[in-house]
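What follows is a single structure, written as structure tokens, with notes after it.
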Amino acid sequence: MRFEDAIEGKIDSLSAGQKKVGRYLLAHIEESSYATLAKISRESGVSETTVIRFAYTLGFESFSTMQNALRAELLGESEREKAEEDEDNVYFGTLKREIEILEKTRKALSIEHIEAAAARLYGADRVFSTAGRTTHAAALWFYEILGKYREGVTAVQPEGGEIYTRLMEVTEKSVVVAISFARYTQSTIQFAKMAKERGAYIIAITDNSLCELALVADQVFITESNRGESGINTISSAAALLNILAVAVYKRDIKKVSGRLKELEALYQKRQNVLIE
């Protein structure tokens, strides 16, 4: 039982003098954990004997035993609060790091760079979005969004036999968007290399301008991945860049893209239970 609860549970049964001690301790709980017997006696307006008897009433062998128990309880609460605060710091620190990476990425971007990539993505006969392992989710997201804005968008899982099937579809008018962070997925790099051999334009999103994927690419967007506490690359910065590219494609022909979106919405409406509003 907490020290304060113990006092409150007995306060009504205490003598008048002991009630004064109890009320003083409740009002000055931290100070009482290190104050002398004489000070508590003086401040509460009772004799030292009354303070000692108060300790007996709470079940302690002596005043010092009571004070030691109070001190240990307060220290324990302090440690728990610190542990909770440290845990919060880990969580918020992860988010803070994500924000820092996004801000750094924003500062490194140029409008010309974005619009040059958008022109390629808009004018391509086919767009292939590819990434391996954890970043594959970002490639799938880009495929899903860009596929609503224009036709001929394909997501490529670089591991397995699909890579060769998709390579047969690559032409000199195609664009490959490849995403890879350290430790780099070799199959993503290989797909980019082979697509370039077939004449495709390669746009890379990566964390190092000197990595193999960047050296293969015609255009490179540099950002970072927050490995943080998890030890696994996050995809928020890659997704942010891909979102910018998708928006840039949208803005190149808002009328045409809006028409596609309206057509898509009409198809949704023809079939029940596609979307729940």
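The values are calculated or read from the model by the stated rules, or taken from the named source; none is laboratory data. Note that this is a predicted model, so its numbers are computed, not measured. For neighbour counting, all protein chains shown are included, and Cβ atoms are generated from backbone atoms with ideal geometry for every residue, glycine included.
Has region 84-91 got at least one residue that is acidic (Asp, Glu) and at pLDDT 75 or above?
Step one: filter region 84-91 for residues acidic (Asp, Glu), giving 84-88.
Subset that is at pLDDT 75 or above: none.
No, region 84-91 contains no residue that is acidic (Asp, Glu) and at pLDDT 75 or above.
Can you name the residue in region 1-27 that is outside any helix (DSSP H, G or I) and among the aliphatic types (A, V, I, L, M) and is also surrounded by the fewest Cβ atoms within 10 Å (Cβ to Cβ) among such residues? Before you say what the answer is, go through the steps one by one.
Pass one, region 1-27, residues outside any helix (DSSP H, G or I): 1-2, 14-15.
Now narrow it down to the ones that are among the aliphatic types (A, V, I, L, M): 1, 14.
On the way: Met1: 9, Leu14: 18.
Looking at the filtered set, the residue picked out is Met1.
Among Leu146, Leu140, Leu95, which is the only one that is modelled with pLDDT of 85 or more, of a type outside the set (Lys, Arg) and under 15 Å from Ser236 (Cα atoms)? Before you say what the answer is, go through the steps one by one.
Values: Leu146 fails: under 15 Å from Ser236 (Cα atoms); Leu95 fails: modelled with pLDDT of 85 or more.
After applying the criteria, what remains is Leu140.
Of all residues in region 44-73, how many are of a type in the set (D, E, K, R) and either surrounded by 19 or more Cβ atoms within 10 Å (Cβ to Cβ) or more than 18 Å from Gly17 (Cα to Cα) (or both)? Write out each step before concluding.
Applying the first criterion (of a type in the set (D, E, K, R)) to region 44-73 yields 48, 53, 61, 71, 73.
Of the ones still in play, those that are also either surrounded by 19 or more Cβ atoms within 10 Å (Cβ to Cβ) or more than 18 Å from Gly17 (Cα to Cα) (or both) are 61, 71, 73.
Result for region 44-73: 3.
Condition (residue is in contact with a Ser or Thr (Cβ under 9 Å, 6 or more places away or on another chain), closer than 18 Å to Ala238 by Cα and in contact (Cβ under 8 Å) with a residue 12 or more places away in the chain) applied to region 159-169: is it met by at least one residue?
Taking region 159-169 as the starting set, the residues that turn out to be in contact with a Ser or Thr (Cβ under 9 Å, 6 or more places away or on another chain) are 159-160, 163, 166, 169.
Right, trim to closer than 18 Å to Ala238 by Cα and you get none.
No, region 159-169 has no match at all.
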